[in-house]
Amino acid sequence: MQAKEHWEKVYQSKPADTVSWFQEHAEQSLRLIRNTGVPLTSSIIDVGGGASTLVDDLQMAGYSSLTVLDLSGAALAVAQQRLGSKAQCVRWVDANITSVELPAHAYDVWHDRAVFHFLTSPAERHAYVETVLRAVKPGGHVIVGTFAEDGPEQCSGLPVMRYSAGALHAQFGSPFTLLAHEKDEHHTPAGNVQRFIYCYCRKESS
């Protein structure tokens with residue numbers, strides 16, 4: 001099964017608040033974005049945002065230039081329906097992050113919770129990083145959350161990569177300066193604990 005088919009099936013067959021990665025509020029992500037100090041008018045992209053409520057909370061916080069990208073149109077539709085008329089103020093992108101053509105130097109903040117760890121081949125990870133390099137403004141902020149070294153070995157029936165902060169930053173390399181990293185324990189709707197690592201980097205100007 002291809003990746004898009006897999007994720008469309010997930011969101012067409014399960015309520016969004018029952019999947020293991022569901023968060024009622026993405027509090028850590030919102031805090032990390034706020035801590036960048038960017039103005040409320042800054043351009044923010046949530047990669048793999050899908051049905052996540054982060055876009056709701058970003059709007060409530062006053063951020064006005066938001067893009068949500070996901071491989072699943074069904075997941076995006078969940079968020080659009082939930083937001084109602086406010087969905088018109090968000091740019092929705094139904095695409096694979098490893099092949100999408102995003103505008104150059106368009107984003108002040110790049111946020112990804114739980115997409116990068118699904119990229120199990122070096123070619124996929126290289127394509128992802130190249131997209132970040134192209135799409136994020138010089139001096140822009142990159143926040144990526146993946147399963148930690150002691151996190152799950154698979155998710156939604158798919159294999160995943162697990163990272164330490166150093167190993168995750170190494171995937172992005174010298175164009176990105178690691179400013180901070182922190183761990184998180186996500187409690188799934190089923191009551192399981194998934195351990196994450198978040199890295200916060202700045203894309204260098206040169």
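Every read-out reported here was derived from the displayed coordinates using simple, explicitly stated rules and does not represent laboratory data. Keep in mind the model is a prediction, meaning the values are calculated, not measured. Quick reminder, even Gly has a Cβ in these numbers, built from the backbone with ideal geometry, and neighbours come from all protein chains shown.
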Using Cβ counts within 10 Å as a stand-in for footprinting exposure, how do W7, W92 rank, fewest first? W92, W7
Assuming R0 = 30 Å, can you tell me the calculated FRET efficiency for the pair Q59 and T120, based on Cβ-Cβ distance, to the nearest 0.05? 0.35
Quick check on the exposure proxy: order S85, S205 from fewest to most C-beta atoms within 10 angstrom. S85, S205
Computed over the chain, the convex hull of the Cα set has an average projected area, in nm², of 10.4
Treating only the Cβ of Lys, Arg, Asp and Glu as charged (+1, +1, -1, -1), what charge dipole size does the stretch 1-144 show about its Cα centre? Round to the nearest 20 debye. 140
Fewest Cβ neighbours within 10 Å first, please rank V47, V129, V115 accordingly. V129, V115, V47
Helix-only [θ]222 nm of the chain, DSSP H runs n ≥ 4, -39500 (n - 2.57) each, per residue, nearest 500: -8500 deg cm²/dmol
Residue by residue through the stretch 51-57, which ³J(HN,Hα) values in whole Hz follow from phi under the Karplus form 6.51 cos²θ - 1.76 cosθ + 1.60 (θ = phi - 60°), with glycine and proline marked x? 8, 4, 8, 4, 4, 4, 5
Could you tell me which of S65, A148, V132 has its Cα farthest along the dipole of the stretch 1-149 towards the positive end, charges placed at Cβ (Lys, Arg +1; Asp, Glu -1), taken about the Cα centre? S65
Counting only DSSP loop positions in the stretch 47-153, the GluC sites (Glu not before Pro) whose Cβ has at most 15 other Cβ atoms within 10 Å are E101, E149, E153
How high is the FRET efficiency between K9 and E204 when r is their beta carbon distance and R₀ equals 35 Å, given to the nearest 0.05? 0.30
In the chain, what % of DSSP beta bridges are antiparallel (nearest 5)? 50
